[in-house]
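The values are calculated or read from the model by the stated rules, or taken from the named source; none is laboratory data. These figures come from a predicted structure and were not determined experimentally. As a convention, Cβ positions derive from the backbone with ideal geometry for all residues, glycine included, and neighbour counts pool all protein chains shown. Protein only, heavy atoms only, side chains kept; ligands, DNA and RNA dropped before computing areas. Shrake-Rupley method; radii C 1.70, N 1.55, O 1.52, S 1.80 Å.
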Amino acid sequence: MDRRNFLKATGALTTTAMLSQNNQTYAQPKLRTGEHVLILGAGLSGLSAAYLLHKQNIPFTILEARNRIGGRVFTHTADEAENLHVELGAEWVGASHERIQALCKELNLNLLNHQFETHLTLEGQYFKPKQWNYEQNWTSKYQTLLTNFKQLTSKNSKVLDQIDWWRYLNNQGISEKDIELKELFDSTDFGESIRNVSAYASLSEYAYSSPNNEMDFRIERGNTRLVEAMAEKIGMTHIMLSKKATHVKQEGKQVQVLCEDGSQYNGHRLICTLPVFALSKINWQPGLPADKTDALNQLQYCRIIKSAVVFKERFWQEEAFDMVTDTTAHYFFHSSKNLKSVKGTLTSYAIGEKAHVLSKMNQEQKIREICQGLKPAFGDVLPYAEKVVSYYWGGDAFSKGAYAIYDTHQWFGIRENLAKPFRNISFAGEHLADWQGFMEGAIQTGEDAAKGLLT
Ligand SMILES: Cc1cc2nc3c(=O)[nH]c(=O)nc-3n(C[C@H](O)[C@H](O)[C@H](O)COP(=O)(O)OP(=O)(O)OC[C@H]3O[C@@H](n4cnc5c(N)ncnc54)[C@H](O)[C@@H]3O)c2cc1C
């Protein structure tokens with residue numbers, strides 16, 4: 001059974017399409033010939049919805065607040081002359097992520113290997129891969145926990161959702177040393193401390209992830225190539241940039257969107273793919289139901305800052321270099337892997353409070369702090385550093401975070417309310433996905449929302 005089917009079986013999958021299929025209250029009237037669909041957001045979710053509608057010859061318009069498409073997919077050129085690009089948003093395409101891989105194939109985009117062998121720096125001590133590990137009895141116990149999770153009943157899934165990942169691991173007898181490691185590694189995945197993540201949310205991800213934890217590939221020439229290729233197919237004339245929606249009005253069979261610049265768009269259905277923070281800022285007329293508003297007020301997004309340092313030389317030598325540390329820079333990986341350039345980039349991927357601290361530093365301070373994290377492994381590398389390009393998602397105007405983080409009681413407690421349609425509006429986006437926090441999830445929810453409108 002794959003992850004999607006497991007979540008269905010435990011009652012934990014709540015896409016718009018599923019809600020409409022299973023529950024009359026949420027069933028939406030199907031789209032009639034000539035009716036127009038408005039889509040809020042030109043991230044992967046909005047573009048996926050649009051691409052599906054485009055293939056069905058259904059008229060639509062995407063309204064995007066930024067002056068670029070892609071949202072949290074954001075490739076940046078760090079050095080023009082060297083053709084060095086880095087991902088400031090989504091990085092990896094997972095081996096289990098079938099929809100995104102199929103889309104890449106359909107759009108003739110190559111996937112490059114982006115797997116790493118992990119080094120570790122702990123309390124100033126540096127360990128190469130295979131020089132560090134979890135205790136042996138914990139490694140086998142953990143495998144058993146992952147296997148047993150797949151047999152979990154719906155009732156026990158809900159019990160698991162009441163406890164955080166850190167406490168759950170402690171209850172399972174993890175040692176002091178191993179919980180330190182687990183916090184460092186798993187907080188990298190969730191973007192905040194594992195004390196803030198539901199044990200159900202964690203296990204449902206890890207039990208179904210590829211051996212490399214979905215850190216498998218990247219798209220050649222940058223992940224933005226995918227959104228660009230989709231936009232080319234859809235046609236840029238259907239994508240309105242710099243159109244920040246401020247009001248959404250539903251009257252009879254009509255939906256009207258008012259944008260910050262005074263422009264207005266009319267349609268018969270709306271697919272809203274906005275992250276929770278942006279969604280909450282919209283003036284909805286009539287207002288959203290109270291249970292949805294409550295759910296919107298509860299869901300948090302993790303704080304991540306990605307800082308790619310351009311180095312004159314690739315002093316780390318190993319192509320597959322990455323390193324988890326207990327320093328402010330947190331996690332490093334060789335982001336110029338597979339790029340043919342003399343210079344190279346190491347990206348620091350810092351989470352939670354560490355991300356916030358780094359975001360307050362100027363360029364020079366940031367470079368110093370990041371190089372400090374590399375010191376136990378490579379000595380003083382400051383002389384090699386040329387510049388840093390970074391983006392702090394905790395401060396992003398639209399998402400105020402990198403991706404949603406499901407705390408205790410939330411997977412089963414609020415997801416359904418977040419996902420359920422409201423009259424002529426359906427909702428999509430990474431935060432509603434089974435592969436939540438991933439591009440795969442954003443694509444699936446966008447496609448599901450579009451499918452939900454079709455007969
Ligand atoms: C730092 C970071 C690392 C990540 N790493 C990975 C990874 O390695 N692998 C992976 O698969 N995924 C990763 N992700 C997650 C992935 O990027 C997201 O799941 C996915 O891109 C979200 O797509 P979306 O369409 O749901 O949302 P978004 O991309 O946020 O799209 C929503 C769009 O709505 C627009 N918008 C907001 N408000 C308004 C408004 N009022 N009016 C009109 N438009 C508006 C926004 O500008 C945005 O373009 C990462 C994300 C981040 C930030």
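Some notes on this structure:
- Residue among 402, 419 that alone is surrounded by 19 or more Cβ atoms within 10 Å (Cβ to Cβ), farther than 27 Å from residue 79 by Cα, touching a helix residue (DSSP H, G or I) at 6+ places or on another chain (Cβ under 9 Å) and touching a residue at least 60 places away in the same chain (Cβ under 8 Å): 419
- Test for residue 328: is it under 30 Å from residue 373 (Cα atoms) and either in contact with a helix residue (DSSP H, G or I) (Cβ under 9 Å, 6 or more places away or on another chain) or open to solvent by less than 50 Å² (accessible area, probe 1.4 Å) (or both): yes
- All strands (runs of 3 or more DSSP E) inside region 36-79 with 3 or more residues being open to solvent by less than 20 Å² (accessible area, probe 1.4 Å) and touching a Leu at 6+ places or on another chain (Cβ under 8 Å): 37-40, 60-63
- Tally of residues being closer than 21 Å to residue 430 by Cβ and either assigned to a loop (DSSP other than H, G, I, E, B) or within 13 Å of the ligand (Cβ to nearest atom) (or both) across region 288-300: 2
- Scan of region 202-212 for residues that are out of contact with any helix residue (DSSP H, G or I) (no Cβ under 7 Å at 6 or more places or on another chain) and open to solvent by 20 Å² or more (accessible area, probe 1.4 Å), ordered by number: 209, 211, 212
- Taking the listed residues 205, 183, 228, the one that is away from the ligand (no atom under 15 Å from the Cβ), charged (D, E, K, R) and part of a helix (DSSP H, G or I) is 183, with no other qualifying.
- Residue count for region 100-115 under the criterion of being part of a helix (DSSP H, G or I) and buried (at least 20 other Cβ atoms within 10 Å of the Cβ): the result is 3.
- Checked against (1) within 13 Å of the ligand (Cβ to nearest atom); (2) in contact with a Ser or Thr (Cβ under 7 Å, 6 or more places away or on another chain); (3) over 25 Å from residue 100 (Cβ atoms), residue 393 passes all but a single condition, namely (3).
- Residue in region 318-338 that is of a type in the set (A, V, I, L, M), within 15 Å of the ligand (Cβ to nearest atom) and in contact with a His (Cβ under 8 Å, 6 or more places away or on another chain) present: no
- Close contacts from region 425-440, counting a first residue that is under 15 Å from residue 90 (Cα atoms) and a second that is more than 8 Å from the ligand (Cβ to nearest atom) and open to solvent by less than 10 Å² (accessible area, probe 1.4 Å), with Cβ to Cβ under 6 Å and a gap of 6+ residues or different chains, come to 431/404.
- Residues satisfying the stated conditions in region 249-287, i.e. assigned to a loop (DSSP other than H, G, I, E, B), on the phi < 0 side of the Ramachandran plot and surrounded by fewer than 18 Cβ atoms within 10 Å (Cβ to Cβ): 253, 260, 261, 263, 286, 287
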